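Data first, discussion second: the structure below is written as structure tokens.
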Amino acid sequence: MREFHGVNLGVRTAEFPLLSGLNLDLRAGECVALVGESGSGKSLTALTLMGLLPPKLTASWDGLRDDLPRKAMVFQEPMSALNPTMRVGRQVAEAAESALGLRPSLARARALDEFRRVRLPDPEGAMRKYPHELSGGQRQRVMIAMAMAMDPDLLICDEPTTALDHAVAFELLDLLKALQRERGMAMLFISHDLEAVARVADRVVVLRAGTVVESGTLAGILEHPQQPYTRGLLASRPPDSGKPLRLPTVQDFLDGTPPSAAQRPKFEGGAEVLSVRGLRKTFKGQRILDGFDLVLHEGETLGLVGASGSGKSTIARCLVGLEQPDQGEITYRGTRIDQLSPAERRRFAREIQYIFQDPFSSLPPRMRVGTLLEEPLAVHGLGDAARRRARVAELLEAVGLPPSAAEKYPHEFSGGQRQRIGIARALALEPKVLICDESVAALDVSVQAQVLNLLNDLKDRFRFSYLFISHDARVVRYMSDRTVELAASY
């Protein structure tokens, strides 16, 4: 049987180890899942196996047998991995030419065959498109086709479905499992999403801070975890039913702190804060929203759930004036805000703020955190320099970050910390409504639990109203007092 067998795999810088003591067995026809929080060493393991480590890092092992000579990788973000200036068909054909030595005509035929195998709609038409002309799920299918065109013995999937809604993600997971069985290849599946792992894995290896915490069969790890860290990962997801006052975190389990049985109180209702009536919006001849209505009350969390393309983010962007609806009315506390002048819009910007999905791309990389938190205060002429600095300290404290964070740049923080900074920036103007647009979608389950707890704590403290947007029905169900579900329009 073809397999990869590595003993005591390690990766280090010149000063200290990043990954150590990892024993990894990858066998043909089997899927091993590598699970852990961000920074645990999952992607580092994948890069080591692919020979893609940065020059300043070195890999080592005590013993190694590798009967899987051809390896391919499916990355988390296909838009970054694909060349935006080349048609996707040509990119997949190039992969086949390079890996298998095929002539261009045969490589193109192979690419088209793989497009059919990964079930891309209109494979011939898809071959001629550029990455930006495809949806997120279609781009990921192109990445899978590119990997399959290389006829791999080992397929490494690094968080391949993290940015996708659950319906699309589950389709791709089933596709990956079917391709693995059809071709008899080994698969290393890297994820923090335990639902995804349960769908594809045969065995599971749990990593924490570069070392293995435990490993075993899928059923053994998911049903009978032995270590507190693993139990914490499993418990961090919002429950299928009920709304605990606070989600348990990995740190709770490491500290031996039992989760509280207390439940969040039922929302009793409040005055109408924000309403949407008959909202219509069309893009490129495609009707995205058709007569959409919504009412948000004071102190309420209203969940907006739906698949990609259902119009969730379009609604949010219309609410804050980033898009103009074709028809309909948007009212805040009885005042129409969908046809305001820029000066009038600025005043209402203090009332409604936005927490974006990706804090790294939404935070200016060249500004220190203190400066970017002061910026909205300066724009609105609030306070002198000393008062603004004091307000920055208050904001950092509110989201659980130390005052020293003000002197650092966004890249110096983890993903969860950057999202806390994004929340702090949204709080700067003391808004009454916060729009959370997929604000925990890119976070691993333990950090996601921390941010959800923070959002609920802030709501209790400041009496916000939330419009909470997500494709994750379980997260929406946990966070929301009411939910609105949107059907995909295309």
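The values are calculated or read from the model by the stated rules, or taken from the named source; none is laboratory data. Worth saying up front: this structure is predicted, and the values here are computed from it rather than measured. With ideal geometry, Cβ positions are generated from the backbone for all residues, glycine too; neighbour counts draw on all protein chains shown.
General observations
- Among (1) at pLDDT below 90; (2) assigned to a helix (DSSP H, G or I), the one test that Ala93 misses: (1)
- Among the candidates Pro265, Pro248, residue that is loosely packed, with under 13 Cβ neighbours inside 10 Å and either part of a loop (DSSP other than H, G, I, E, B) or touching a residue at least 60 places away in the same chain (Cβ under 8 Å) (or both): Pro265
- Matching residues, segment 321-354, being closer than 20 Å to Arg463 by Cα and touching a Phe, Trp or Tyr at 6+ places or on another chain (Cβ under 9 Å): Tyr332, Phe348, Glu351, Ile352
- Residue within segment 50-68 that is under 23 Å from Gln180 (Cβ atoms) and crowded, with 21+ Cβ neighbours inside 10 Å present: no
- Segment 110-130 residues that are in the same structural domain as Gln140 (by TED's automatic domain parsing) and more than 18 Å from Ser98 (Cβ to Cβ), paired with ones that are among the hydroxyl-bearing types (Ser, Thr, Tyr) and assigned to a loop (DSSP other than H, G, I, E, B) (beta carbon under 9 Å, 6 or more apart): Tyr130/Thr85
- Taking segment 271-326 as the range and being among the β-branched types (Val, Ile, Thr) and assigned to a strand (DSSP E or B) as the test, the residues that pass are Val273, Val276, Thr282, Ile288, Val295, Thr301, Val305.
- The set of residues from segment 222-243 being out of contact with any Gly (no Cβ under 9 Å at 6 or more places or on another chain) and in contact (Cβ under 8 Å) with a residue 24 or more places away in the chain comprises Leu222, Thr230, Gly232, Leu234, Ala235, Ser236, Arg237, Pro238, Pro239, Asp240, Lys243.
- When segment 327-348 is filtered for residues that are surrounded by 14 or more Cβ atoms within 10 Å (Cβ to Cβ) and part of a loop (DSSP other than H, G, I, E, B), the ones remaining, listed by number, are Arg333, Ile337, Asp338, Leu340.
- Every residue from segment 327-362 that is free of Cβ contacts under 8 Å to residues at least 60 places away in the same chain and under 26 Å from Ile421 (Cα atoms): Arg345, Arg346, Arg347, Phe348, Phe360, Ser361
- Criterion violated by Val273 - all others in (1) under 29 Å from the mean Cα position of the chain (by Cα); (2) modelled with pLDDT of 90 or more; (3) more than 30 Å from Glu133 (Cβ to Cβ) satisfied: (1)
- The residue that is surrounded by the fewest Cβ atoms within 10 Å (Cβ to Cβ), counting only those in segment 413-435 that are modelled with pLDDT under 90 and among the small types (Gly, Ala, Ser), is Ser414.
- Scanning segment 457-490 for residues that are assigned to a loop (DSSP other than H, G, I, E, B), among the hydrophobic types (A, V, I, L, M, F, W, C) and closer than 14 Å to Pro238 by Cβ yields no hits at all.
- All told, Leu120 meets the bar of being in a loop (DSSP other than H, G, I, E, B), crowded, with 21+ Cβ neighbours inside 10 Å and not small (Gly, Ala, Ser).
- Residue that is farthest from Asn453 (Cα to Cα), among those in segment 276-317 that are at pLDDT 90 or above, small (Gly, Ala, Ser) and more than 21 Å from the chain's Cα centre (by Cα): Gly278
- Residue count, segment 181-193 (criterion: surrounded by fewer than 21 Cβ atoms within 10 Å (Cβ to Cβ) and either in contact with a His (Cβ under 9 Å, 6 or more places away or on another chain) or not in a loop (DSSP other than H, G, I, E, B) (or both)): 3
- Residues in segment 409-442 that are aliphatic (A, V, I, L, M) and without any contact (Cβ under 8 Å) to a residue 40 or more places away in the chain: Val440 alone.
- Of the residues in segment 350-369, at least one is in a helix (DSSP H, G or I), in the same structural domain as Ala441 (by TED's automatic domain parsing) and modelled with pLDDT of 90 or more.
- Residue in segment 170-178 that is out of contact with any His (no Cβ under 6 Å at 6 or more places or on another chain), closer than 21 Å to Leu44 by Cβ, crowded, with 20+ Cβ neighbours inside 10 Å and not charged (D, E, K, R) present: no
- Taken residue by residue, segment 400-412 has at least one member that is closer than 20 Å to Leu458 by Cβ, at pLDDT 90 or above and surrounded by fewer than 17 Cβ atoms within 10 Å (Cβ to Cβ).
- Members of segment 283-307 found to be surrounded by 14 or more Cβ atoms within 10 Å (Cβ to Cβ) and of a type in the set (S, T, N, Q), listed by number: Thr301
- Search result, residues across segment 96-106 that are without any contact (Cβ under 8 Å) to a residue 40 or more places away in the chain and either of a type outside the set (Ser, Thr, Tyr) or not in a helix (DSSP H, G or I) (or both): Glu97, Gly101, Leu102, Arg103, Pro104, Leu106
- Selected residue (only one of Leu434, Leu454 is assigned by TED's automatic domain parsing to the domain that holds Arg350 and outside any helix (DSSP H, G or I)): Leu434
- Note on segment 194-216: residues that are hydrophobic (A, V, I, L, M, F, W, C) and part of a loop (DSSP other than H, G, I, E, B) amount to 2.
- Selection within segment 214-223: residues that are under 19 Å from Leu26 (Cβ atoms) and touching a helix residue (DSSP H, G or I) at 6+ places or on another chain (Cβ under 9 Å). The member of this set that is surrounded by the most Cβ atoms within 10 Å (Cβ to Cβ) is Ile221.
- Subset of segment 45-90 (residues that are in a strand (DSSP E or B) and within 28 Å of the chain's Cα centre (by Cα)): Lys71, Ala72, Met73, Val74
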